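Working notes, beginning with the structure itself.
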Amino acid sequence: MRRRLGVALVIALSAILMAPVASAQKKAAPDLGDKQRDLQQAQKRLNEERQKAAAARKREAGLLAELETIDKRVTDKKKQVVVLDGRIKRAQSDVADLSSDIARLGRQRVGQEEALERRLRALYKIEVQGGALPLLLSGDDPIAKAVQLRHLATLATVDARLIREYRVTSEGLAEKKTRFEARQNELTSLRAEAEEERAEADREVAKRQGLLVKVKDERAYHDGMVGELSEATKRLEAFIRDLQEKQRRAAAQAAAAKAAAAKAAAAKAAAPSTGPRLRTAPPPIDATPGTGFASLRGRLAWPADGRVVGEYGAQVHPRFGTKTFRNGIDIDVAEGTTITTVAPGQVLYTGWFRGYGNLIIVDHGGEYFTLYAHAANITVNEGDEVKQGQVIGTVGDTGSLQGPRLYFEVRHAGRPQDPAHWLRPRG
């Protein structure tokens, strides 16, 4: 009986002790489920972000990348053709000079041959008459013999000089002809190489045209290009923000250095001196490029003389109805037309930017920037100070979907402005 009572007490105590544990387990179970759900949601968001990043990379590696590859090949081929054309012109000039030298040496050698022929006829007559020795031995006048001997010696010297000059002329003529033949062969090779480079450039241009036709006529290609251009616009905006931040940091560092220098100069000027007081140099003039750019609103010079064929702002594609936003304007000008700066400033960036081709960014101060895209050539370097109207490149079709044209933007604090509000009206 006592044993049964003991067992019952043990069971009761166990139930009392386990109750909080069970309650804690029941309470912990929902907490664990919440954490698992949070983890799953975080994993889902991570996967979505990865998919978005992969999609962005895929778009970047799509039509614009193909267009960029073709444009760079065409640019390289054109540069090669320019180099080869320069070598061809030099070779042609050398060939013309060598041809002139050969003609001159040929005439010179003909004259020398005629002189040698006359001397040979004279020597032959002397030889027919018995040679020079009987002439020297004939007569009893020693003075006449000496004169004849001196005359014969002079003739021998002249003959030796004529023979030597003839040999030099002949050797020079042979050398010129060898060089002429070598340059002619090189010229032929250069012309063939230039033609091959031109043919390859034409094939790349044909590829480019085929791609642009697909973008123009096929909805899938058009939509793909629109998406990629949107990504390119975002990348350019981020790039400009980075450049702007770098400019801000550089300006802050320059201001701090200027303040420190002014403070040091003031302290030095205030310090007592036993020697003669030296005149201090005047403070440096603030030569920040483009100061007062905002005051040029409506009075900016045009970057190229052409017709605006793409306006700033919202655009609707006439065929597919796609809505886009253009941050600048397209100016239709002939390839090779010069690009000039609209105001003084400093070149902040030059180089290739996907979706824009060869791009130039000019900083005008006050967080104002101008952008010039689709350039064929760039004639300035990063860091260069430029004046209004200075040539910075030539118009091309790099990165353009519509052929040769200039894309132009005005930005303030990273935000695009309508260039029509800044460029001077045309009469």
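Within the stretch 367-390, being under 12 Å from Val347 (Cβ atoms), part of a strand (DSSP E or B) and over 15 Å from the mean Cα position of the chain (by Cα) holds for Phe369, Thr370, Leu371, Glu385, Val386.
Total residues in the stretch 297-325 satisfying the condition of being of a type in the set (Val, Ile, Thr) and in a loop (DSSP other than H, G, I, E, B): the figure is 1.
Entry remark, the stretch 403-418: residues being under 21 Å from Leu212 (Cβ atoms) and in contact with a strand residue (DSSP E or B) (Cβ under 7 Å, 6 or more places away or on another chain) number 4 in total.
Identify, please: which residue in the stretch 337-357 is in contact (Cβ under 8 Å) with a residue 60 or more places away in the chain and not hydroxyl-bearing (Ser, Thr, Tyr) and is, among those, surrounded by the most Cβ atoms within 10 Å (Cβ to Cβ)? Among residues in the stretch 337-357 that are in contact (Cβ under 8 Å) with a residue 60 or more places away in the chain and not hydroxyl-bearing (Ser, Thr, Tyr), the one surrounded by the most Cβ atoms within 10 Å (Cβ to Cβ) is Ile339.
For every residue, the table says whether it meets (1) farther than 16 Å from Gln417 by Cβ; (2) among the acidic types (Asp, Glu); (3) at pLDDT 95 or above.
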| site | (1), (2), (3) |
| --- | --- |
| Pro284 | yes, no, no |
| Arg297 | no, no, no |
| Lys323 | yes, no, no |
| Glu335 | yes, yes, no |
| Thr341 | yes, no, yes |
| Gly366 | no, no, no |
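For the stretch 358-395, filtered to residues that are among the small types (Gly, Ala, Ser) and crowded, with 19+ Cβ neighbours inside 10 Å, the residue that is nearest to Arg248 (Cα to Cα) is Gly365. Of Ala182, Ala153, Ala199, Ala192, all but one fail to be at pLDDT below 80, out of contact with any His (no Cβ under 9 Å at 6 or more places or on another chain) and surrounded by fewer than 16 Cβ atoms within 10 Å (Cβ to Cβ); the exception is Ala153. Flag: Thr398 does not match the condition of being buried (at least 19 other Cβ atoms within 10 Å of the Cβ), in a strand (DSSP E or B) and polar (S, T, N, Q).
The values are calculated or read from the model by the stated rules, or taken from the named source; none is laboratory data. Note that the coordinates shown come from a computational prediction; the quantities given were computed from them, not determined experimentally. Positions of Cβ are backbone-derived with ideal geometry, glycine not excepted, and every protein chain shown enters the neighbour counts.
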